[in-house]
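Take a look at the structure set out below.
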Amino acid sequence: MTAEQPTSPRTPAPAGLRELKKRRTRDALLRAALELFTTRGYEETTVDEIVDAVDVSQRTFFRYFASKEEVAFAVQHMVERHFVTALRERPAHEAPLEAMRNAVLSAWDTIGEAIMELVPIELYLRTFQVIESTPALLAVHLRRSIEMEENIARLIADREDLDVDADPRPRVAVAAFSGVMRMTGQLWGRGDDPSLRSMRTLTESYLDHLEPALAADWHSGARA
């Protein structure tokens, strides 16, 4: 009987290796782009400079990203997905503002590791500041925020078994919550501590004041 031929230990797993190479190329392009955006400026950086930094072609860049804009918001998009996932997982008994507050703080507690899989935390925070200070990116950021608010309002409406188009409360609650988030992002960007912990602490502090700020009487308890 003929002995079975041993399988070559060097036989590769092509699909797995290709996916790993693609992920590494995409991550390298992302890091190079954000480094250039934060050191040279978004408008001043060209796609040619990004691909030269990674030693790939423009065709390779556009295989992973549709534009410079998409690269600029890639990590932010991941952070937003992280928050939406956390919100979906909040217990049904939590009121809308409570669920959103707990979801965003829970997301901040775990997002650091997810960000670091893509770029250094420090680079992400610098990119956030570039978005806030670049008119073209800020305009896109505001448009994306409006779209995000609508998605969250519909999620909240589903949690509360409401028709979002008939009951204004989900959109009102989300608008108030999102306003606080935008404000804390701007305050953090102008502050002296560009750390993720600082961002979370500031967010928590201002969210703690959201419901009292919506109360009818601001003076009750203020002089205690």
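The values are calculated or read from the model by the stated rules, or taken from the named source; none is laboratory data. Because the structure is a prediction, the values reported are computed rather than measured. Cβ sites come from the backbone with ideal geometry, for glycine too, and all protein chains shown count toward neighbours. For accessibility, only protein heavy atoms count, side chains too; no ligands or nucleic acids. Shrake-Rupley method; radii C 1.70, N 1.55, O 1.52, S 1.80 Å.
Residue-level check: of (1) surrounded by fewer than 15 Cβ atoms within 10 Å (Cβ to Cβ); (2) at pLDDT below 95; (3) outside any loop (DSSP other than H, G, I, E, B); (4) more than 13 Å from the chain's Cα centre (by Cα), ALA92 misses just (3). Filtering region 153-173 to residues that are within 8 Å of PRO96 (Cβ to Cβ) and open to solvent by less than 30 Å² (accessible area, probe 1.4 Å) leaves ILE156, PRO170, ALA173. Scanning region 26-65 for residues that are open to solvent by 50 Å² or more (accessible area, probe 1.4 Å), over 21 Å from PHE128 (Cβ atoms) and not in a helix (DSSP H, G or I) yields THR46, ASP55, SER57. Number of residues in region 68-86 that are in a helix (DSSP H, G or I) and either closer than 18 Å to GLY185 by Cβ or in contact with a strand residue (DSSP E or B) (Cβ under 9 Å, 6 or more places away or on another chain) (or both) equals 13. Look at (1) within 30 Å of GLU43 (Cβ to Cβ); (2) out of contact with any Ser or Thr (no Cβ under 7 Å at 6 or more places or on another chain); (3) charged (D, E, K, R) and you find that GLU149 fails only one, number (2). Restricting region 202-215 to residues that are open to solvent by less than 80 Å² (accessible area, probe 1.4 Å) and not hydrophobic (A, V, I, L, M, F, W, C), which is modelled with the lowest pLDDT? Here the residue is PRO212. On the stretch given as region 95-112, residues that are within 13 Å of the chain's Cα centre (by Cα) and open to solvent by 60 Å² or more (accessible area, probe 1.4 Å) total 1.
A quick yes/no check of all residues on (1) farther than 20 Å from GLU80 by Cβ; (2) part of a helix (DSSP H, G or I); (3) in contact with a helix residue (DSSP H, G or I) (Cβ under 8 Å, 6 or more places away or on another chain):
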| site | (1), (2), (3) |
| --- | --- |
| PHE128 | no, yes, yes |
| ALA139 | no, yes, no |
| GLU147 | no, yes, no |
| ILE152 | no, yes, yes |
| PHE177 | no, yes, yes |
| MET183 | no, yes, yes |
| THR201 | yes, yes, no |
| GLU204 | no, yes, yes |
| ALA213 | yes, yes, no |
